[in-house]
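Below: one structure, written as structure tokens.
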Amino acid sequence: MSLYEKTAHELHELLQNKEISATDLAKDLFARIEEKENSINAYLETNKDRAISSAKKVDEKIAAGEKISPLEGIPCAIKDNICTKGIRTTCASKILENFVPPYDATVMQKLNSQNVVILGKANMDEFAMGGSTENSGFKITHNPHDLERVPGGSSGGSAAAVASGEAIFALGSDTGGSIRQPASFCGVVGMKPTYGRVSRYGLVAYASSLDQIGPIARDVTDCATILNAISGRDEMDSTSANAPVPDFTQSLKSDVKGLKIGLPKEYFVKGMDPEVEKSVRDTVKVYEGLGAEISEISLPHTEYAISAYYLTAPAEAATNLERYDGVSYGARVNGADVVELMTNTRTEKFGEEVKRRIIIGNYALSAGYYDAYYLKALKVRTLIQKDFTDAFKNVDVIIAPTAPTAAYRIGEMISDPLKMYLQDVCTVPLNLAGLPGISVPCGFTQNKLPIGFQIIGKALDEATLIRAAYTYEQTKNLANKIAG
């Protein structure tokens, strides 16, 4: 097995035991990137010199007999909406094409303090607006399991990098499913932590009340290790949770006996791929066989979640993207006066999906429509939160499909935004409620495309999600196999 095929925890043992060097590991990953990148397009930018320099520091530490932390020397990819000091952060948008942040996001400070090897910045849908990574301003990322299909989005580059062996793990962000859905499409593990569990400082905002950074990894063990590294209260982010952070690796126990699992009838939607539904229902049978208690539950306002999300998120996006005007921030396209300059800049530098969501958001917030649309969406959001609160009085976790289908073909939905928005039906309710969720591989379609299921938990109870996910993974031995 090549080094790029291994998990972070396997590589940690090899590094600590001096069976490999961090420098050789980094070089192995760059060789893999050179081999696969022309067909996958997972990265917007790589930085080999900087990565090798970081790896050499880890080797020096090991040579000196010092112990290393679980992620030291492990190569990873970073979604390109997370600020990296001295490395371009474009959000896959031409309006930020040459933006080099003067500071690191808090999650980057945490990873850098552990000497994680940063391979580069991963492709994404522009400003995280999309579910296929076809909306990038620069390139389309391809699914490693089938190059004619999308990797999901908006963290498609991050998921594809891990699935193809171009990174050992990655960071993504999840506003409406943007970690979990690409993890499902690419056959890897992806977690959206509780809103506030991980600092958003340095994450370029899409919808501030929904965005959350999280890990994409090859197995649940790595996911828990990464979550340990990036979680915690941050004074630079007023929305970060002031709550103790447990050692999530202590939850890596194969035991779900007596765990109460809810199966929401609203998530098995009309039009769901029968192969996806069967795979998820077979997963539930596995849990039942392991001693978990299964019961059907209802989350009655689920049918309104997409509508509420696609008013709330664009409204926040329209506000957050006001700064990109060609005057105060971002690229500039000149005009005869300031109004023409702003118009030219936004017209030329924003992609079609970003423009669409800005227009939707401004419309929802405009005089005469605020009460009818945005305010009503906030009320629905409260009802969705209450649905989960009521459900968790009787169950410990909820299991559902991550997405209603496996990965679809590139170009299949890009011309039908509504059809693509409906792909988020299983993921957006969690963001509206601020809850944690993890997507875990649970099988393949007849066309050998990965299928994922998600486990949904109570606020700040990622530990139970990790235990439930780990138990299933150990039972089915479905840790990701490198595609291609």
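The values are calculated or read from the model by the stated rules, or taken from the named source; none is laboratory data. The shown structure was predicted, so the numbers you read here are calculated from the model rather than taken from an experiment. Note that each Cβ is placed from the backbone with ideal geometry, even for glycine, and that neighbours are counted across all protein chains shown. Calculation scope for accessible area: heavy atoms of the full protein, side chains included, ligands and nucleic acids excluded. Shrake-Rupley method; radii C 1.70, N 1.55, O 1.52, S 1.80 Å.
Quick notes on this structure:
- Beta bridge orientation in the chain: antiparallel %, DSSP, nearest 5: 65
- Shape category assigned to region 140-204 from the gyration tensor of Cα positions, a/c cut at 1.5: prolate
- Inter-label distance for residue 369 and residue 323, nm, one decimal - labels placed 7 Å from Cα along Cα-to-Cβ: 2.5
- Counting only residues at least eight positions apart within a chain, or on another chain, the aspartates and glutamates with an alpha carbon under 20 Å from that of residue 448 are 5, 146, 148, 219, 273, 275, 277, 282, 412, 473.
- Peptides 38-45, 254-261, 180-187 ordered by packing proxy, namely the average of other Cβ atoms within 10 Å per residue, highest first: 180-187, 38-45, 254-261.
- Hits among lysines - C-alpha to C-alpha of residue 386 under 16 Å, sequence gap 8 or more where chains match: 376, 458
- When each of the peptides 353-361, 295-303 is scored by how many other beta carbons lie within 10 Å of its residues on average, the order from highest to lowest is 353-361, 295-303.
- Coupling constants for region 334-346 follow from the phi torsions by the Karplus curve (6.51 cos²θ - 1.76 cosθ + 1.60, θ = phi - 60°), and in residue order they are 5, x, 5, 9, 4, 4, 5, 4, 4, 4, 4, 4, 5 Hz; glycine and proline get x.
- Residues whose amide H comes within less than 5 Å of that of residue 122, counting only those at least five positions distant or on another chain, are 44, 78, 79, 80 (H built at 1.01 Å from N in the peptide plane).
- Of 393/419; 192/257; 36/355; 192/355; 79/393; 6/121, those spanning more than 29 Å from alpha-carbon to alpha-carbon: 393/419; 36/355; 79/393
- Residues whose placed amide H lies under 5 Å from that of residue 117, excluding near-sequence neighbours: 73, 74, 76
- Net length gained if the chain between residue 419 and residue 69 were fully extended (0.36 nm per residue, minus Cα distance): 121.6 nm
- For region 204-211, putting each phi into the Karplus relation 6.51 cos²θ - 1.76 cosθ + 1.60 with θ = phi - 60° gives couplings of 5, 6, 9, 10, 4, 8, 10, 4 Hz, in residue order, rounded to whole numbers and with x for Gly and Pro.
- Report note on the peptides 384-390, 400-406, 337-343, 169-175: ranked by the mean count of other C-beta atoms within 10 Å, highest first, their order is 169-175, 400-406, 384-390, 337-343.
- Residue 150 sits with roughly 0 Å² accessible to a 1.4 Å probe, with DNA, RNA and ligands left out of the calculation.
- Straight Cα distances below 12 angstrom link residue 61 to the aspartates and glutamates 72, with same-chain residues fewer than 8 positions distant left out.
- Gain upon complete extension [residue 348, residue 307; 0.36 nm per residue less C-alpha separation]: 11.9 nm
- Helix-derived mean residue ellipticity, 222 nm - over the chain, DSSP H n ≥ 4, -39500 (n - 2.57), to 500: -11500 deg cm²/dmol
- Whole-number percent relative contact order across the chain, with pairs defined as alpha carbons under 8 Å at least 6 apart: 18
- Contact order normalised by residue count of region 303-378, Cα under 8 Å, 6+ apart, percent: 41
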